[in-house]
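Colleague: Encoded as structure tokens, here's the structure I'll be asking about.
Each value in this text was obtained by applying a stated rule to the coordinates, not by laboratory testing. What you are looking at is a predicted structure, and each value in this text was computed from that prediction instead of being measured. So basically every Cβ, Gly included, is an ideal-geometry build from the backbone, and we count neighbours across all protein chains shown.
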Amino acid sequence: MDILKLSKDKFADFLATLSEQKLYAPQKVGESLRFAPVTENSKVELDMANTTVPPKSIFFPQTETLYSYEMGNTEMQTPREVDEGIVLGARPCDARALVIVDNLFAWDVDDPYYQDQRAKNTVVGLACNKPCVNCFCLSVGGDPASTEGLDVLMTELEDAYVLEPLTEKGQKLCQSVAAVTEQAAAEDQDGAKALHQQAREMITRKIETEGIPEKLPTLWDNSLWQETADSCLGCGVCTFLCPTCHCFDIQDEVEGIEGRRCRMWDSCMFKEYTLHTSGHNPRPTRRERTRNRINHKYSYFVQKFDVIACVGCGRCINSCPVNIDIVEILRQAKEAL
């Protein structure tokens with residue numbers, strides 16, 4: 001597959017070509033930076049460390065109608081067929097997160113809502129030239145230029161982007177923008193590789209995860225969980241902004257004779273998440289919920305799917321209002337082990 005070069009002065013034409021399909025890209029929405037549909041009035045923001053909300057919101061929406069119904073009508077109305085689309089500017093950690101979450105939505109029972117979105121969208125990644133201060137992707141199997149989950153990898157040079165197609169969908173996309181791109185010269189490709197290596201060297205936060213998945217559950221009664229929970233507010237921001245968290249609730253909403261069954265994000269950090277109808281709650285305090293969150297990502301998910309359910313994006317650290325640091329929790333767990 002040919003590696004292409006897109007000059008920045010042709011970026012508007014590039015966007016216009018991609019916009020012939022449904023196009024999602026990072027944009028400022030209120031106070032946050034998130035992926036949103038691109039319109040003629042959109043201001044695409046690729047000059048960013050990372051989005052506030054990961055692109056999981058495209059494939060696994062915060063609120064999603066599964067089907068609707070009406071009293072007296074025996075037929076349920078399901079959402080229309082998903083259109084083909086393009087996700088532009090996903091960081092490699094977020095694309096890798098999609099591959100991790102794929103395990104869950106294709107396990108036991110296939111989830112057609114999630115899988116249709118995954119199949120119909122082409123993911124164009126943007127390599128990290130300047131990782132965030134709290135990024136630690138190298139510690140959990142990632143890389144600033146990882147290609148996992150991507151159809152195309154873009155690398156920003158000083159006056160251009162290098163586009164590397166990785167899949168058939170990626171090749172098709174690159175062919176569609178042939179009029180505004182050219183074949184990348186060897187020096188452009190070497191420049192991209194040099195930036196990738198430079199980015200790796202900029203990541204200073206590291207944690208050795210060897211042994212953690214197997215031994216973490218042995219810290220069941222360790223004081224670490226209470227010490228961490230003592231400062232936790234239980235706001236759930238660490239899970240809502242995590243690209244691999246996938247907890248959800250399903251509810252029926254009825255108004256008059258019409259109703260819908262919908263799925264919305266939930267969090268294992270909320271007391272109600274595990275509250276039984278009987279009134280019993282197996283995770284009654286934040287201590288148990290904190291312990292479960294870390295064990296799930298670094299042990300339970302690994303046992304089930306052989307991969308850590310964390311990509312080291314650092315969002316949970318960046319956004320925690322009381323500065324709880326997952327790398328520090330893992331460091332303390334390593335010491336205890």
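Colleague: Provide the three semi-axes, in whole Å and in decreasing order, of the ellipsoid equivalent to the range 4-202 as defined by the square roots of 5 times the Cα gyration tensor eigenvalues.
Modeller: Rounded to whole Å, the semi-axes are 31, 20, 16.
Colleague: Please identify every one of the GluC sites (Glu not before Pro) in the range 46-80 that sits in a loop by DSSP and has no more than 13 other beta carbons within 10 Å of its own beta carbon.
Modeller: Passing sites in the range 46-80 are 75.
Colleague: Still on this structure, I have one more. Taking the Cβ of residue 262 as the center, what net charge do the other residues with Cβ under 11 Å away carry, scoring Lys and Arg +1 and Asp and Glu -1?
Modeller: For residues surrounding residue 262, the net value is -1.
Colleague: Also: When DSSP assigns beta bridges and you keep just the ones with both residues in the chain, what percent turn out antiparallel, to the nearest 5? Let's see the in-between values first.
Modeller: Working: 33 of 44 bridges.
If we restrict to bridges inside the chain, about 75 percent are antiparallel.
Colleague: Right, another one. Within straight cross-link reach of residue 5, meaning Cα distance under 19 Å, which aspartates and glutamates are found once same-chain residues fewer than 8 apart are removed?
Modeller: 13, 47, 151, 156, 158, 159, 164, 168, 182, 187, 188, 190
Colleague: Same structure again: Only loop residues by DSSP count here, and only those with at most 10 other Cβ atoms within 10 Å; note down the trypsin sites (Lys or Arg not before Pro) in the range 66-163 that meet that.
Modeller: 80
Colleague: So what's the convex hull volume per residue for the Cα atoms of the chain, in Å³? The partial results should precede the final answer.
Modeller: Values: hull volume 55.1 nm³, N = 337.
Taking only Cα atoms, the chain has a hull volume of 164 Å³ per residue.
Colleague: According to the square roots a ≥ b ≥ c of the eigenvalues of the Cα gyration tensor, what is the shape class of the range 1-89, taking rounded for a/c under 1.5, prolate for a/b larger than b/c otherwise, and oblate for the remainder? Present the calculation step by step, with values, prior to reporting the outcome.
Modeller: Details: a/c = 2.80, a/b = 1.93, b/c = 1.45.
Prolate shape, in that a/c is at least 1.5 and a/b is the bigger ratio.
Colleague: For the range 64-69, just list the computed ³J(HN,Hα) in residue order, Karplus coefficients 6.51, -1.76 and 1.60, θ = phi - 60°, integers in Hz, with x standing in for Gly and Pro.
Modeller: Karplus values, whole Hz, x for Gly and Pro: 9, 7, 7, 6, 10, 8.
Colleague: Let me ask something else about it. Could you pull out every residue, at least 5 positions away or on a different chain, whose amide H is within less than 5 Å of the one on residue 29? Hs are placed 1.01 Å off N in the peptide plane, and Pro or chain starts have none.
Modeller: 34
Colleague: Turning to a different aspect of this structure: Measure of size requested: the Rg and Dmax of the range 212-336, with Cα atoms as the atom set and Å as the unit; please supply both.
Modeller: Over the range 212-336's Cα set, Rg and Dmax evaluate to 16.1, 59 Å.
Colleague: Which whole-number percent gives the relative contact order of the range 212-336, counting Cα pairs below 8 Å spaced six or more residues apart? Let's see the in-between values first.
Modeller: Numbers: 149 pairs, mean separation 42.0, N = 125.
Across the range 212-336, relative contact order equals 34 percent.
Colleague: Oh, and also: To the nearest 20 debye, what is the magnitude of the charge dipole of the range 256-323 about its Cα centre, counting +1 on the Cβ of each Lys and Arg and -1 on the Cβ of each Asp and Glu? Don't skip to the end; give the middle numbers.
Modeller: Working: 13 positive and 5 negative charges, 26 e Å.
Taking the Cα centre of the range 256-323 as origin, the dipole is about 120 debye.
Colleague: Please list, in order along the range 306-319, the HN-Hα scalar couplings obtained from phi with the Karplus expression 6.51 cos²θ - 1.76 cosθ + 1.60 (θ = phi - 60°), rounded to whole Hz, x for Gly and Pro.
Modeller: Whole-Hz 3J(HN,Hα) from phi for the range 306-319: 6, 7, 6, 8, 8, 10, x, 6, x, 4, 5, 6, 4, 9.
Colleague: Let me confirm the definition first: pairs of Lys residues in the range 139-295, 8 or more apart or on different chains, C-alpha distance under 27 Å. How many are there?
Modeller: Close lysine pairs found across the range 139-295: 5.
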